[in-house]
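Here is the structure we will look at.
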């Protein structure tokens, strides 16, 4: 089995924000709601980074606009990841995920071959997304682990979004 790609990201972000409660090291993994109801804990570098980014994004209206875009992007990604984590519980197994993602990719490939050229970019992007999700979820030990790690990551991203102007 490939290496779990989610846990190292959660760990790397812990320099700035740590999931609260702390992630378990092994099964059983709590449901995603364990992390969705709270906020990540700020790390030692959070305040200095917050101060630096505050000065940077206050330097000009253009920089403020960029900061607001980053804030929105992080918040939107956190929402998508939370939704994925919540719905993983309804999936039977990692094999079911692999089958569903393969079916989606096959359907998109067929659509690409039949669709006008102008839609090919969108279909290629969607196919790439489903391929990445399949690889990501296929690399963890269980559905419960994937859901828990995704919920932790979403919690961290929500807290990191606060570093940028809203």
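The values are calculated or read from the model by the stated rules, or taken from the named source; none is laboratory data. Remember, it's a predicted structure, so these values are computed and weren't measured experimentally. FYI the Cβ positions are ideal-geometry reconstructions off the backbone, even for glycines, and counts take in every protein chain you see.
Side notes on the structure shown:
- Cβ separations smaller than 7 Å between residues 6+ apart or across chains give the following pairs from region 10-39 residues that are at negative phi and touching a residue at least 24 places away in the same chain (Cβ under 8 Å) to residues that are buried (at least 20 other Cβ atoms within 10 Å of the Cβ) and in a loop (DSSP other than H, G, I, E, B): 10/19; 10/23; 17/40; 18/40; 19/40; 20/40; 35/19.
- Cross-chain or 6+ apart pairs with Cβ under 7 Å, region 128-140 first and touching a residue at least 12 places away in the same chain (Cβ under 8 Å), then not in a helix (DSSP H, G or I): 136/5; 139/1; 139/2; 139/3; 139/4; 139/5; 140/4
- Entirely in region 1-58, the helices (runs of 4 or more DSSP H) that have 3 or more residues that are over 16 Å from the mean Cα position of the chain (by Cα): 46-57
- The set of residues in region 88-105 that are outside any helix (DSSP H, G or I) and either farther than 19 Å from residue 29 by Cα or touching a helix residue (DSSP H, G or I) at 6+ places or on another chain (Cβ under 9 Å) (or both) comprises 89, 91, 92, 93.
- The residues in region 34-58 that are surrounded by 14 or more Cβ atoms within 10 Å (Cβ to Cβ) and under 14 Å from residue 154 (Cβ atoms) can be counted, and the count is 5.
- Residues (within 25 Å of residue 141 (Cα to Cα) and either at pLDDT 90 or above or loosely packed, with under 15 Cβ neighbours inside 10 Å (or both)) located in region 10-23: 10, 11, 12, 13, 14, 15, 17, 18, 19, 20, 21, 22
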